[in-house]
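The values are calculated or read from the model by the stated rules, or taken from the named source; none is laboratory data. Not measured: the values here are computed from a predicted model. Glycine gets a Cβ as well: all are built from the backbone with ideal geometry, and neighbour counts include every protein chain shown. For the accessible areas, the whole protein counts, side chains as well, though only heavy atoms, and no ligand, DNA or RNA atoms are used. Shrake-Rupley method; radii C 1.70, N 1.55, O 1.52, S 1.80 Å.
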Amino acid sequence: MSRTYKTNAGKLADAIRLDIENGVLKIGDKLPPERELSKVYGLSRTSVREGVRQLSVMGYVETKKNVGSFISSKHLSNSFGDNPIKQVFEKAPVLNLME
């Protein structure tokens, strides 16, 4: 029997991704700061930062240094299918994910 475990960062990325796909968050919307996301989701800032990084790799979020993270339209053309986070880790070079 195989079990799939999600990290806190993965759970946050899934939650935000679903909000984007369901229209709660729209292209161009700014995500709340890490500190606020940390409080809302009850996660460490490290987990929040990693979750936002995962969304960035998938094209859901674009982060601008010293400005914030914004919902991007790049995700509309991604080819990751039904389980985007899992497939990102399979397709993206590990060094890119670590940056």
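Take the residues in region 1-44 that are acidic (Asp, Glu) and either open to solvent by 80 Å² or more (accessible area, probe 1.4 Å) or over 14 Å from residue 69 (Cα atoms) (or both); name whichever of them is modelled with the highest pLDDT.
Initial filter on region 1-44 (acidic (Asp, Glu)): 14, 19, 21, 29, 34, 36.
Within this subset, residues satisfying the condition of being either open to solvent by 80 Å² or more (accessible area, probe 1.4 Å) or over 14 Å from residue 69 (Cα atoms) (or both) are 14, 19, 21, 36.
On the way: 14: 92, 19: 92, 21: 87, 36: 96.
Going through the qualifying residues, I end up with 36.
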Could you grab me the full set of residues in region 57-74 that are touching a helix residue (DSSP H, G or I) at 6+ places or on another chain (Cβ under 9 Å) and either farther than 15 Å from residue 15 by Cβ or open to solvent by 60 Å² or more (accessible area, probe 1.4 Å) (or both)? 57, 59, 62, 63, 72, 74
Cross-chain or 6+ apart pairs with Cβ under 9 Å, region 16-33 first and touching a residue at least 60 places away in the same chain (Cβ under 8 Å), then of a type in the set (A, V, I, L, M, F, W, C) and open to solvent by less than 40 Å² (accessible area, probe 1.4 Å): 17/55; 17/58; 17/85
Would it be correct to say that residue 50 is free of Cβ contacts under 8 Å to residues at least 24 places away in the same chain and in contact with a helix residue (DSSP H, G or I) (Cβ under 9 Å, 6 or more places away or on another chain)? no
